[in-house]
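Structure, as structure tokens:
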Amino acid sequence: MELTTLHYPTLTGQMFPLIRRHCYLLEGCCRLHSEKNLASVARRFYRSLRSCVRCSAKDDVAFIDGEKKPYSIPSDVLLRDARVLYSVAPAMGHNKDSHPESNKRVPAIVDALERLELTPKYRGLEVLEVQSFQPASIDDIARVHSRAYVTGLEKAMSMASDEGLIFIEGSGPTYATETTFQESLAAAGAGLSLVDSVAAASRLSSDPATGFALIRPPGHHAVPQGPMGFCIFGNIAIAARYAQYVHKLKRVLIIDFDVHHGNGTCDAFYDDPDIFFISTHQHGSYPGTGKMEQVGQGKGEGTTLNLPLPGGSGDSSMRTVFDEVIVPCAQRFKPDIILVSAGYDAHVLDPLAGLQFTTGTYYMLASKIKELAKELCAGRCVFFLEGGYNLQSLSNSVADTFRAFLGEPSLGPQFDDPVMLYDEPLSKVQQAIQKVKHIHSL
């Protein structure tokens, strides 16, 4: 892992004061959501990481490789009534001016949830924010990433403190600040806390809550040997291994509907027969991986399915893909838990790609995935935020995802402008579907 530096206003001091101070500096430049909310998101995150004790929580113990590992989950009373579980890790100190993967993304989502009355303040026990969670441990990260990379990144934080932003060579436009390492551990830990909570909820109810980790940096491009494409640690891959080791949920289905191929997740499990990775992504988009012919290797042959979609594919295309490809794959695989790389950059308004998903498309996906989890794996399902760089379409689409989890009607018609859409290349989409069905004997 090679590091270069860009001289930039240096951030000094300890991590947590940094998060708060960086937040205050950003208040004046955030236009999409209120100054008060941007600061409150960072303060709540700061308190959560300091306490590491969940309100109304109970401590439990899991065994990993014969060793005890404590973790906390919300109380049975809270889990039994909840329909949505979410955690927030906004990485306020991990930021670069004018970069699309900015620290405004998660606060924009939180602001939309508040504005559309989808938070515990308005929903009572239906919606539960898992506020106090522990960062992922180095051992958690090392089940996916090489220890040399993890320790190298940790050591690089002092360089970021002394010299400014670090750009990581060979990783695409991926940067690091002095808080990146700890905030990436926090993001992964937020996801693990939801795996804990969803697993516990599935023992209490036949229709348990669905989880959503509102976290950054995103993760699905990070390869086992290092970062890539805005991603530091593979949050969903780390959660998949955690589900296997801690909760003995052996068979994990990962659905990745980000507009870009989740090459890091794909690489991590390419020879693993117990993790089925499905990726739909725009043909020819970054990072250029995810060919249909890439189906896994060795014992994992057949448990990787890549479906590149032609530019312009939208709601009709994705509905057909889900019904004809994703559902039969999932039913044949019989997962114990479903994890979702939820990227919102396939939206027609997103600046980094060329698909035509709408808010309604994401509502449809969330509804169908929730039902699939209920049918196949006792409802165990956790979404992980990946891409999405138009703050308005991102926040509205995540909010509509929450409405899908709650079984409430979509607000997509209020947000989506049909004038923005054009005819989908349905014949090309159907050709791609038939080809992938042939390859995987569907």
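The values are calculated or read from the model by the stated rules, or taken from the named source; none is laboratory data. Predicted, not measured: the structure shown is a model, and the values here were computed from it. Virtual Cβ from ideal backbone geometry, glycine too; neighbours counted across all protein chains shown. Note: areas computed on protein heavy atoms with side chains; ligands, DNA, RNA excluded. Shrake-Rupley method; radii C 1.70, N 1.55, O 1.52, S 1.80 Å.
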Checklist entry - When you scan region 304-417 for helices (runs of 4 or more DSSP H) that lie fully inside it, which ones turn up with 1 or more residues that are open to solvent by 10 Å² or more (accessible area, probe 1.4 Å) and in contact with a Leu (Cβ under 9 Å, 6 or more places away or on another chain)? => result 315-321, 327-333, 359-376, 391-406
Next on the checklist: Taking the condition of being open to solvent by 10 Å² or more (accessible area, probe 1.4 Å) and among the charged types (D, E, K, R), how many residues in region 200-238 meet it?
Outcome noted: 2
Checklist entry - Across region 142-178, which residue is modelled with the lowest pLDDT among those that are over 17 Å from Pro227 (Cβ atoms) and among the hydroxyl-bearing types (Ser, Thr, Tyr)? => result Ser161
Next on the checklist: Considering only region 121-144, I want to know if a residue exists there that is within 16 Å of Thr179 (Cα to Cα), in contact with a Pro (Cβ under 9 Å, 6 or more places away or on another chain) and in a helix (DSSP H, G or I).
Outcome noted: no
Checklist entry - Within the set of pairs 6 or more residues apart or between chains, which connect a residue that is over 14 Å from Gln434 (Cα atoms) inside region 299-321 to a residue that is hydroxyl-bearing (Ser, Thr, Tyr) and part of a loop (DSSP other than H, G, I, E, B) with Cβ atoms less than 8 Å apart? => result Gly300/Tyr270; Thr304/Tyr270; Gly312/Tyr422; Gly314/Thr358; Asp315/Thr358
Checklist entry - Which is under 18 Å from Asp81 (Cα atoms), at pLDDT 95 or above and surrounded by 24 or more Cβ atoms within 10 Å (Cβ to Cβ), of Ser197, Ser184? => result Ser197
Next on the checklist: Tell me yes or no: at least one residue of region 124-141 is modelled with pLDDT of 95 or more, among the charged types (D, E, K, R) and open to solvent by less than 50 Å² (accessible area, probe 1.4 Å).
Outcome noted: yes
